[in-house]
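Q: Dumping the structure here so I can ask a few things about it.
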Amino acid sequence: MKFVKNKVGRSIPEELFGKKLIPFTGKGKGPYKERKYAPKIRKTSPGDSKVLTSIQEAIKKGGLADGGTISFHHHFRNGDYLLNMVCHEIAKMGLKDIRLVPSSIQPINDELLTYLEKGIITHINCGTSGKIADAISRGKMKGLLTIRSHGGRARSIENGDVEIDIAFIASPTSDEYGNINGVHGKYACGSLGYAMPDAQFANYVVAVTNTLVPFPNNPISISQDHVDSVVLLKKPIGNPAGIVTTSLRVTRDPKNLKIARDCIEVIKASGLLKEGLSFQSGAGGTALAATQFLSQYMKAKGIKGSFGMGGATEALVRMLEDGLFDAILDVQSFDIYAVRSLLNNPKHIEMGASQYANPLSSGCAVNLLDTVILGCTEIDTKFNVNTSTESDGRIMHGMGGHQDTSEGAKLTIIAAPLQRGRIPIVVDDVVSVNSPGENIDVFVTERGIAVNPESQYFDILTKTKSLNTKSIEDLKAEAEKLIGGKPQKPKTTDRIVGIIEYRDGSVLDVIYQVEK
Amino acid sequence: MKIVKSAQAGSLESCDILISVDPAKEGTGIKINLESPAKTQFGDLILVEIKEVADKLEIKDVKITAIDKGSLGYCIKARAETALRRGAGE
């Protein structure tokens, strides 16, 4: 295997599984293709019915064969039942070598593990967590895991890096002609943002619903002209209560509350916290607390922002309701409060994944962000951020919109404690690079704030006396002193089990199988 | 010092460690069984930290079980010392 070093110093093979890889050369590159991908032309004639009563019928109609590709959205997060349901059906039909392209894999999908081991699922394109991620780390899947950001996923579907044979869309409501929305019905999940590129670019699109409504459904998030079949099931497609079971709780840890407060101090010092502010934060406990502190400050000072983006959470929606933003752009609703707001508040706008974050489009919303607060599992002295692997080398998470928002926003803040237990967060070199250091402006910890010397805000932030700024090397030294040394490097084999793409399609890093 | 009975110190709270000690036959040495979320990164260091405490107390034979929840060195040493002293009947 021949390797090339990319811009963040990672060795990238020239080719993997028959596909040529493009090494990452810095943000703002591409497109690497001239034209968008075009899906097959299908036809529904007057008098044709789209309604089916089983998933198997839809799989047959879509013509799925061995080696085929199927896609899903994860708006039900850890309450999604459809991905598992479809995979069980595929296994029953004796299909194999299937490529899964969901927008995320959650712990609820742990039961698919056996299909990885049996070669029924051989490639996965998305961020993963739980047992599936762990099994891939240990080499249990034959093919490759490709981790993309939300914007990168949309780009890969639009430019044909991923050709979807069948897109299965868990649909809280649909009419019999395939007009879908996510805000009505017993199983409302809110925005259907991640499913939108799939609906437009898949060769066959299946809406799966428990709630068939009279034609025309209204509002329409995904429209009939993209949808080939409507499968009406009795078995629930998802459990909306599962939306909030992972990652969403405001922190009460005083250390994290200090970090959250300091994030707002950084935004204030940058000069961006003024009329017209646009803002996004992740869904981690610290980011949610920061959103609340931002809200309090804006209220107290009478500052009105322009838009908030997400990952819409109750915290963000309350800011909209308090008049602190004119609008929310919502690619994914993180809790039931946000789902209801999308239904009832005209200022709460649903947005597709490409509109949100596809870099190779005519303009995505992350480009208009003033500031974003994000998390990390590790950050290194070059400010490269790892979100996908633990420091022992195992795959644990995806990356959401990390790369997209960190490139797009003027001021990107990473908020994390200096160490978690005995594991240091600041290291010499992160295990995996998910966002390159050139995207990151500030790293806020409970023991100090490190500003990237390459950041346009370096001078203004380091000159602000009220901020406890330190060099990132000093923060690292402080962590090592507390912990008693540097962590041992993970032991890996030479087999590549995963790649991390940059949002433009070039390759940032590869993930090796762990030993044992 | 000689371990004469089973004893423990610490807890399974986050950032703590539960150290249990049991008497061992003469000549079997210091045996440590470690469970830790940071085993890959810091396992060797944690073993050294526990062994240092046993050596300092001049304990020759003991079976130690350590269930770590991400504790730091000073905590590990303190829990180890308490567990060992309790096991020695102090």
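Q: Is it fair to say A:L277 is aliphatic (A, V, I, L, M) and buried (at least 23 other Cβ atoms within 10 Å of the Cβ)?
A: no
Q: Next question, about the same structure. Only one of (1) surrounded by fewer than 22 Cβ atoms within 10 Å (Cβ to Cβ); (2) within 27 Å of B:G73 (Cα to Cα); (3) at pLDDT 95 or above is not met by A:G421, so which one is it?
A: Against the list (1) surrounded by fewer than 22 Cβ atoms within 10 Å (Cβ to Cβ); (2) within 27 Å of B:G73 (Cα to Cα); (3) at pLDDT 95 or above, A:G421 comes up short only on (3).
Q: Would a scan of segment B:39-52 turn up a residue that is in a helix (DSSP H, G or I), away from every other protein chain (no Cβ under 14 Å) and modelled with pLDDT of 95 or more?
A: There is at least one residue in segment B:39-52 that is in a helix (DSSP H, G or I), away from every other protein chain (no Cβ under 14 Å) and modelled with pLDDT of 95 or more.
Q: Could you tell me which numbered condition A:A290 fails, if it satisfies all but one of (1) outside any loop (DSSP other than H, G, I, E, B); (2) among the aliphatic types (A, V, I, L, M); (3) outside the structural domain of A:C376 (by TED's automatic domain parsing)?
A: It fails just one condition, (3).
Q: Does segment A:237-250 contain at least one residue that is touching a Phe, Trp or Tyr at 6+ places or on another chain (Cβ under 9 Å), modelled with pLDDT of 95 or more and not in a helix (DSSP H, G or I)?
A: yes
Q: Could you go through segment A:415-423 and let me know if any residue there is in contact with a Cys (Cβ under 8 Å, 6 or more places away or on another chain) and under 19 Å from A:H150 (Cα atoms).
A: No, because not a single residue in segment A:415-423 is in contact with a Cys (Cβ under 8 Å, 6 or more places away or on another chain) and under 19 Å from A:H150 (Cα atoms).
Residue-wise test of (1) free of Cβ contacts under 8 Å to residues at least 60 places away in the same chain; (2) β-branched (V, I, T); (3) part of a loop (DSSP other than H, G, I, E, B); (4) within 20 Å of A:S362 (Cβ to Cβ).
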| position | (1), (2), (3), (4) |
| --- | --- |
| A:I136 | no, yes, no, no |
| A:K142 | yes, no, yes, no |
| A:R153 | no, no, no, yes |
| A:G178 | no, no, yes, no |
| A:H184 | no, no, yes, no |
| A:C189 | no, no, yes, no |
| A:M196 | no, no, no, yes |
| A:A199 | yes, no, no, yes |
| A:V208 | no, yes, no, no |
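Residue by residue, here is whether (1) under 19 Å from A:G408 (Cβ atoms); (2) in contact (Cβ under 8 Å) with a residue 40 or more places away in the chain holds:
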position: A:N439; (1), (2): yes, yes
position: A:V442; (1), (2): yes, yes
position: A:E446; (1), (2): no, yes
position: A:A477; (1), (2): no, no
position: A:P490; (1), (2): no, yes
position: A:T493; (1), (2): no, yes
position: A:V497; (1), (2): no, yes
position: A:G505; (1), (2): yes, yes
position: A:D509; (1), (2): no, yes
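Q: While we're on this one: Any idea which of (1) in contact with a Gly (Cβ under 6 Å, 6 or more places away or on another chain); (2) farther than 22 Å from A:I483 by Cα is the one B:C15 doesn't satisfy?
A: (2)
Q: Can you list residue pairs whose Cβ atoms sit under 9 Å apart, with the first residue in segment A:336-364 being farther than 15 Å from A:S149 by Cβ and the second being among the basic types (K, R) and in a helix (DSSP H, G or I)? Count only pairs 6 or more apart in sequence or on different chains.
A: A:Y337/A:R318
Q: Can you tell me how many residues in segment B:13-38 are more than 13 Å from chain A (Cβ to nearest Cβ) and not in a strand (DSSP E or B)?
A: Qualifying residue count for the region: 6.
Residue by residue, here is whether (1) within 23 Å of A:A353 (Cβ to Cβ); (2) of a type in the set (S, T, N, Q); (3) surrounded by fewer than 24 Cβ atoms within 10 Å (Cβ to Cβ) holds:
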position: A:F201; (1), (2), (3): yes, no, no
position: A:I222; (1), (2), (3): yes, no, no
position: A:V230; (1), (2), (3): yes, no, no
position: A:K234; (1), (2), (3): no, no, yes
position: A:T251; (1), (2), (3): no, yes, yes
position: A:N256; (1), (2), (3): no, yes, yes
position: A:E265; (1), (2), (3): no, no, yes
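Q: Related question: Looking at this structure, is A:F383 away from every other protein chain (no Cβ under 14 Å) and closer than 30 Å to A:R252 by Cβ?
A: In short, yes.
Q: Does A:T122 fit the bill of being out of contact with any Ser or Thr (no Cβ under 8 Å at 6 or more places or on another chain) and hydroxyl-bearing (S, T, Y)?
A: Numbers: out of contact with any Ser or Thr (no Cβ under 8 Å at 6 or more places or on another chain): yes; hydroxyl-bearing (S, T, Y): yes.
Yes, satisfied.
Q: Here is a follow-up. If you take the residues in segment A:126-145 that are buried (at least 24 other Cβ atoms within 10 Å of the Cβ) and under 13 Å from the mean Cα position of the chain (by Cα), which one is farthest from A:Y37 (Cα to Cα)?
A: Out of the qualifying residues, it is A:T128.
Q: Can you confirm whether segment A:500-510 contains a residue that is among the aromatic types (F, W, Y) and crowded, with 20+ Cβ neighbours inside 10 Å? Show your work before the answer.
A: Keep residues of segment A:500-510 that are among the aromatic types (F, W, Y), which gives A:502.
From what's left, crowded, with 20+ Cβ neighbours inside 10 Å: A:502.
Checked against the condition, which is being among the aromatic types (F, W, Y) and crowded, with 20+ Cβ neighbours inside 10 Å, segment A:500-510 yields at least one hit.
Q: I've got another one for you. Hey, among the residues in segment B:53-79 that are among the small types (G, A, S) and under 17 Å from B:K39 (Cα atoms), which one's nearest to the other protein chains (Cβ to nearest Cβ)? Spell out the reasoning first.
A: At the first step, the residues of segment B:53-79 found to be among the small types (G, A, S) are B:54, B:66, B:70-71, B:73, B:78.
Subsequent filtering for residues that are under 17 Å from B:K39 (Cα atoms) retains B:66, B:70-71, B:73.
Working: B:A66: 13, B:G70: 2, B:S71: 7, B:G73: 4 Å.
By that ranking, first place goes to B:G70.
Q: Quick one: which residue in A:S388, A:S341 is over 24 Å from A:A241 (Cβ atoms), crowded, with 22+ Cβ neighbours inside 10 Å and among the polar types (S, T, N, Q)? Show your work before the answer.
A: On the way: A:S341 fails: over 24 Å from A:A241 (Cβ atoms).
Going through A:S388, A:S341 in turn, just one is over 24 Å from A:A241 (Cβ atoms), crowded, with 22+ Cβ neighbours inside 10 Å and among the polar types (S, T, N, Q): A:S388.
Q: Which of (1) over 14 Å from B:L84 (Cα atoms); (2) out of contact with any Gly (no Cβ under 8 Å at 6 or more places or on another chain); (3) modelled with pLDDT of 95 or more; (4) buried (at least 17 other Cβ atoms within 10 Å of the Cβ) is the odd one out, the single condition B:S20 does not satisfy?
A: Tallying (1) over 14 Å from B:L84 (Cα atoms); (2) out of contact with any Gly (no Cβ under 8 Å at 6 or more places or on another chain); (3) modelled with pLDDT of 95 or more; (4) buried (at least 17 other Cβ atoms within 10 Å of the Cβ), B:S20 fails exactly one: (1).
Q: Can you tell me how many residues within segment A:407-425 are of a type in the set (V, I, T) and more than 14 Å from chain B (Cβ to nearest Cβ)? Before the answer, list the steps.
A: Start the filter on segment A:407-425 by keeping residues that are of a type in the set (V, I, T), which leaves A:412-414, A:423, A:425.
From the residues that got through so far, the ones that are more than 14 Å from chain B (Cβ to nearest Cβ) too are A:412-414.
Residues that pass the stated criteria total 3.
Q: Going by what's in this entry, would A:R495 be described as closer than 29 Å to A:I136 by Cα and either within 14 Å of chain B (Cβ to nearest Cβ) or part of a loop (DSSP other than H, G, I, E, B) (or both)?
A: Working: closer than 29 Å to A:I136 by Cα: yes; either within 14 Å of chain B (Cβ to nearest Cβ) or part of a loop (DSSP other than H, G, I, E, B) (or both): no.
Criteria not met by A:R495.
Q: Could you count how many residues in segment A:34-85 are modelled with pLDDT of 95 or more, on the phi > 0 side of the Ramachandran plot and in the same structural domain as A:N125 (by TED's automatic domain parsing)?
A: Summing the residues that are modelled with pLDDT of 95 or more, on the phi > 0 side of the Ramachandran plot and in the same structural domain as A:N125 (by TED's automatic domain parsing) in segment A:34-85 gives 2.
Q: Which pairs have Cβ atoms under 8 Å, sit 6 or more apart or on different chains, and link a residue in segment A:313-324 that is of a type in the set (V, I, T) to one that is in a helix (DSSP H, G or I)?
A: Matching pairs, first to second residue: A:T313/A:L288; A:T313/A:T291; A:T313/A:Y337; A:T313/A:A338; A:V317/A:Y337; A:V317/A:A338; A:V317/A:S341.
Q: Could I ask something else about it? Mind telling me which of the residues A:K463, A:K481 ends up being within 14 Å of another protein chain (Cβ to nearest Cβ), surrounded by fewer than 19 Cβ atoms within 10 Å (Cβ to Cβ) and of a type in the set (K, R)?
A: A:K481
Q: Just for helices (runs of 4 or more DSSP H) wholly inside segment A:376-484: which have at least 2 residues that are closer than 30 Å to A:R138 by Cβ?
A: Qualifying helices (runs of 4 or more DSSP H): A:402-408, A:472-483.
Q: Just give me the residues in segment A:166-189 being at pLDDT 95 or above and surrounded by fewer than 22 Cβ atoms within 10 Å (Cβ to Cβ), in sequence order.
A: A:E176, A:Y177, A:H184, listed by residue number.
Q: Of the numbered conditions (1) of a type in the set (A, V, I, L, M, F, W, C); (2) surrounded by fewer than 21 Cβ atoms within 10 Å (Cβ to Cβ); (3) farther than 19 Å from A:Q106 by Cα, A:V206 fails exactly one; give the number of that condition.
A: (2)
The values are calculated or read from the model by the stated rules, or taken from the named source; none is laboratory data. Computed from a prediction, not measured in an experiment: that's the story for all the values here. All Cβ positions, even for glycine, are placed from backbone atoms using ideal geometry, and neighbour counts span all protein chains on display.
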